[in-house]
Amino acid sequence: MLLENEMPTAATPPARPAIDLPPGCKLVGLIRRYTGSRCSAETVLDPQTDTVAGPTPWSCQWQVTPVPGRAECLDIATTFTLLSGQAEATGVAVALELADWTPANYVLLPAAAYNGNRLAVAPQPYPPLWRDARNYRPDMPPTITDLPRLNTGAGRSCIELSTGDVTTPAMGFQSAGTGRGCLITTVQQTRLGNSGLTVEEHANRRSARFMVSAPCVRQQQYRFNAGGMTPGDETGAAWKRGDTVVLRLRVWFFAAPRVQDLFDAFAIMRKDLAPPTSIAPQLPMSAAWQILQDKYNRQNWDEAWGYYRVAVDFHTTFAVNERPLCFLWQAGWVGGGMVTHSLLFAGSETSRQRAWRNLEMIFERTPAPSGFLYGIGDGEKFYSDGFDTPHPGQLHMVRKSADLLFWALKQFDLLGRQGQGVPPAWQASVRRLADAFVRLWERYGQFGQFVDVQTGDLLIGGSTAGAAAPAGLALAATWFKDPRYLTVAKAAARHYCLNDLKRGLITGGPGEILSAPDSESAYALFESLVVLYEVSGEAQWLTAARDMLRHLATWVVSYDYVFPPDSTLGKAQVRTTGAVWANVQNKHAAPAFCTASGDALLKYWRATADPLALDLLRDLARGLPQYLARPSRCFNDRMQPGWMCERVNMSDWEGREGIGGNLFGSCWAEVSLMAQTVEIPGLYVQPDTGLYCVFDHLTAECLSRNGHGLTLRLANPTAFPAVVRVLCEPSTATRRPLGVNALYNGRTITIAPGQSVVETFT
């Protein structure tokens, strides 16, 4: 419940002009006193009040500046100073009080809460899975575990987060009733550490507040190892005379008749308060590729059964058939059917031969009677999907088969470019897989989240988990020259746009989050929309992709998080801009989208010139190589050269000591980096417009430009040789789809360590 105002005990100083806000909105300063992690007393300071007297007098100075060129947008700096005495267990805050509130409002905290996480709740230990067949539902609503959320029933309704819990220190809402929206963004920390982000509804749900506080004090905290919400262990700070804290906010009100308008505004605002950043070149893509290829052939290859295992020393506490999960093969999701593409594309003869054997195993041994693929196996046997044990009821993650359908057809295209035939048995297997998706759609009008791998019956539905399937079906329509596949792909994509994207809930991609909101489904749907445009040529899919891109941006870190200086990532001076948050349950950023290169961003940008796509891709591509362990940079004693861990811990979900740490092994992020090296050019050039963009770890300088070409000086300041893939095209070529494997046999430029070259592009 919101606390009642505690009135000042002294006369109010002369009034100043009020801050101009929409009706029903009020901005206040707060002095908050804590008993443990609970706020036990609160003094409310109107912006017209400069000081408040009492046993511990405070000064509260407001500086309010309109943001040029943006209506109803204010920069606010509030300086709190203790004028005399001391204050124990005390914090300060700035809150936007909203008198006209309804639980129907959509609340966004990027990567932490979508629609306020007002979703069905099923508390479960990790890994959260539907183990009891009585819970299976084709019409399953989006369901989360015990996470920070606004309450759908009676009782306290409050989301309390740290700025480390979100991709951008921001929060906001959209009101369908008023057709208005609001976003508040701030900076990560003050001298008291990370700030707090709180959304709290009054007991009657007719008023609410959005609050930025220092220090961050959460009455309830989410703890992964505790299985959900636990009592907080934070409290206020100790203050002495003259101590000061400044809270900096940007508050923007805007027209928002649709939920999408909130995401559109966020995409504009996400970097507003972030200082400019750049990652110094340290590891070219080609050098990263060589490290990873060597590691995969040395540690991931299973010669006895002919497959590249998922990981090394990762999730070893889970086992299937008494064999640690890290030694198993998985169809999709974490890279089992994807890594072979990179190895076929750019690998050595050994890598290509092994990739062929791996594909042979997939297409000849993993298809189930339904046409879907068994999701996991140890080479000898293949199983339904699970962690500690195979799922009951033969549950199969639809996402795994959707991933493999898409990536299999990309590999068929690649084999064709390499002059190799695709074995008929492989093609028949993929066609049966495409047919299984068609049957699923025609019977249920959705792809769902889990099916019975034997029968193809839908068991658990209602999520965006199958969002990669439209991309795979679109490619299948072209490869097999069967328009049925494209018809279903379009119908499914429309369904996702109208039922998921429109309401701002993209959910259920990972196999151990129930159907919580996640980034993996978000990227999969964006990629499917881009592929549909490239295959069909229909502009409607670019329009949908434009909206999906802005939802996707909420999952990408927009600034460089300040890690504890003695943490693993703090010591390594990792820059987090471009890291990708996993989901609202597993509250960590990761090095990349799981499991993708991000090339759909390049394809969409070529078709639209949308600067958001280029910004996201540049941040992603430049940031990803810094997470690869190598001999001179292994991070800690657990990591080995060639390993990448999925943890980029900005949050304290694994404990305060886990911030910037808990790097423990090898995982799918390696597959994303390998895919990036063959699907994202290190350098993109349009000679006729003079446009060039560097995605690799090198620098470029324009020396001259004329109507015929562009001359650049390219430098490699790293300690590794760089073989740079180049995509050079006239601006008119962007009207043509890029398609798959566009960089195969393309132009490359070799630059020695510490050297530069001059190249002319025409």
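For residue 278 and residue 122, calculate 0.36 nm times their separation in residues minus their Cα-Cα distance, and state this gained length in nm to one decimal.
This chain segment gains 52.0 nm when fully extended.
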When the Debye formula is applied to the Cα atoms of the range 291-680, each taken as the same point scatterer, what base-10 log of I(q)/I(0) results at q = 0.06, 0.13 Å⁻¹?
-0.20, -1.05
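Compute the FRET efficiency between residue 713 and residue 735 as 1/(1 + (r/R0)^6), taking r as their Cβ-Cβ distance and R0 = 30 Å, and round to the nearest 0.05.
Details: r = 30 Å, r/R0 = 1.00.
Between residue 713 and residue 735 the formula returns 0.50.
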Value of Rg to Rh for the range 684-761 (Rh from inverse mean 1/r over Cα pairs, i.e. Kirkwood):
0.98
So, in Å, what gap is there between the alpha-carbon centers of the range 595-645 and the range 491-546?
21 Å
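Going by how many other Cβ atoms sit within 10 Å of their own, how do 166, 422, 398 line up, fewest first? List each step's numbers first, then the result.
Numbers: 166 25, 422 19, 398 33.
With the fewest neighbours first, 166, 422, 398 line up as 422, 166, 398.
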May I ask you to order 737-747, 455-465, 643-653, 441-451 by the average number of other C-beta atoms within 10 Å around their residues, highest value first?
643-653, 455-465, 441-451, 737-747
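Determine the calculated [θ] at 222 nm for the chain from helices alone, applying -39500 (n - 2.57) to every DSSP H run no shorter than 4 residues and normalising by the residue count; nearest 500 deg cm²/dmol.
Details: 14 runs with 182 residues, N = 762.
The helix-only estimate for the chain comes to -7500 deg cm²/dmol at 222 nm.
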What is the distance in Å between the Cα centres of the range 54-106 and the range 181-231?
14 Å
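Once fully extended, how much extra length lies between residue 65 and residue 632, figured as 0.36 nm per residue of separation less the alpha-carbon to alpha-carbon distance? Before the final figure, lay out each step's value.
Numbers: separation 567, 0.36 × 567 = 204.12 nm, distance 4.73 nm.
Working it through step by step, the gained length comes to 199.4 nm.
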Of the convex hull enclosing the alpha-carbon atoms of the range 542-695, the direction-averaged projected area in nm² is 9.7 nm²
Decide, for the range 198-311, between rounded, prolate and oblate: order the square roots of the alpha carbon gyration tensor eigenvalues as a ≥ b ≥ c, take rounded if a/c falls under 1.5, and otherwise choose prolate if a/b is larger than b/c, else oblate.
prolate
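Working out 0.36 nm times the residue gap between residue 268 and residue 566, then minus their Cα-Cα distance, what length gain in nm do you get to one decimal?
Numbers: separation 298, 0.36 × 298 = 107.28 nm, distance 3.39 nm.
Contour length minus Cα-Cα distance gives 103.9 nm.
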Taking the alpha-carbon centre of each part, the distance from the range 332-382 to the range 454-469 in Å is 21 Å
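Got a sec? How would 407, 479 order by Cβ neighbour count within 10 Å, fewest to most? Intermediate values should be presented prior to the final figure.
Working: 407 27, 479 19.
Lowest count first: 479, 407.
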Let's test the formula: R0 of 22 Å, r as the Cβ-Cβ distance of residue 540 and residue 431. What FRET efficiency results, to the nearest 0.05?
0.20
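Using Cα-Cα distances under 8 Å and only pairs 6 or more residues apart, what relative contact order does the range 291-680 have, in percent? Write down the numbers at each step before the final one.
Working: 781 pairs, mean separation 56.1, N = 390.
This gives 14 percent for the range 291-680.
By count of other Cβ within 10 Å, fewest leading, how are 634, 594 ordered?
634, 594
Every number here is computed from the coordinates shown, using simple stated rules; none is lab data. Fair warning: this is a prediction, and the values are worked out from it, not measured in the lab. Reconstructed Cβ throughout: ideal geometry from the backbone, glycine too, with neighbour counts over all protein chains shown.
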